[in-house]
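Okay, so here's the structure we're looking at.
The values are calculated or read from the model by the stated rules, or taken from the named source; none is laboratory data. This structure is a prediction, so every number in the text was calculated from the model and none was measured. Cβ coordinates were reconstructed from backbone atoms using ideal geometry, including for glycine residues, and neighbour counts include every protein chain displayed. Please note that ligands, DNA and RNA were not included when accessible areas were found on the heavy atoms of the full protein model with its side chains. Shrake-Rupley method; radii C 1.70, N 1.55, O 1.52, S 1.80 Å.
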Amino acid sequence: MSAITHHIPDAMLAAYAAGNLPHAFAVAVASHVSLCAECRVALGAHQAIGGAVLENTGAVAVSSSLKDDILAQLDAPFTPEPVYERNGIFPGPVTEAMKGRAPRWKKLGMGVRQDILSADANGSVRLLYIPPGQAVPDHSHNGLELTLVLQGSFSDETGRFGVGDLEIADEDLEHTPVADPGEACICLAATDARLNFRALVPRLLQPLFRI
């Protein structure tokens, strides 16, 4: 695997450490962390800071035994979280979201396929399969979209993303991701709102594809 160059922003890591991310984003962050040693270390630092805050405040009510356990962990030498056991190209958090099954690909057109792992009013998590050289239709965002590359790579207006890289797209980004030559690009995509497609056909099919 090539070096990971696109990481999780510090504020998002802190929110994940505090348990404040929606499920869809938590799956994406956990999956990236399982692949990225740099972000595992940063997450451990956030978790230690959170424990230190708990030690020095009386604002959070916990049992004495739970507090003792937490403080004991703070006193222990820091060891980065272990990498989740992978299932082929899929990190442990993705395998868990898939409930141990193989992907159930549904065609979206032009060779692009998806497998919706979960979807509710708060967001969705899906796998995307994009053939080499194929583009995802040009779109913008009503919220955030986190895209983690699991196989291959893609490029868009912001740069190139390889295995382990995480792209975070917000309302200010309009882009057309294109799978690079070589093997098909497989990504984990997490969103908290529907996408805005420019072309008519993707807009008409959007309710069917739930994206």
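Observations on the structure shown:
- Failed criterion for E171 (all others in (1) outside any strand (DSSP E or B); (2) modelled with pLDDT of 95 or more hold): (2)
- A count restricted to region 92-118 and to residues that are open to solvent by 50 Å² or more (accessible area, probe 1.4 Å) and outside any loop (DSSP other than H, G, I, E, B) stands at 4.
- Every residue from region 136-173 that is among the aliphatic types (A, V, I, L, M), buried (at least 22 other Cβ atoms within 10 Å of the Cβ) and more than 17 Å from A3 (Cβ to Cβ): V136, L146, A169
- When region 4-40 is filtered for residues that are part of a helix (DSSP H, G or I) and without any contact (Cβ under 8 Å) to a residue 24 or more places away in the chain, the ones remaining, listed by number, are A11, A15, A26.
- Those residues of region 184-197 which are more than 21 Å from S34 (Cβ to Cβ), out of contact with any Ser or Thr (no Cβ under 8 Å at 6 or more places or on another chain) and either surrounded by fewer than 17 Cβ atoms within 10 Å (Cβ to Cβ) or modelled with pLDDT of 80 or more (or both), in sequence order: A184, D192, A193, R194
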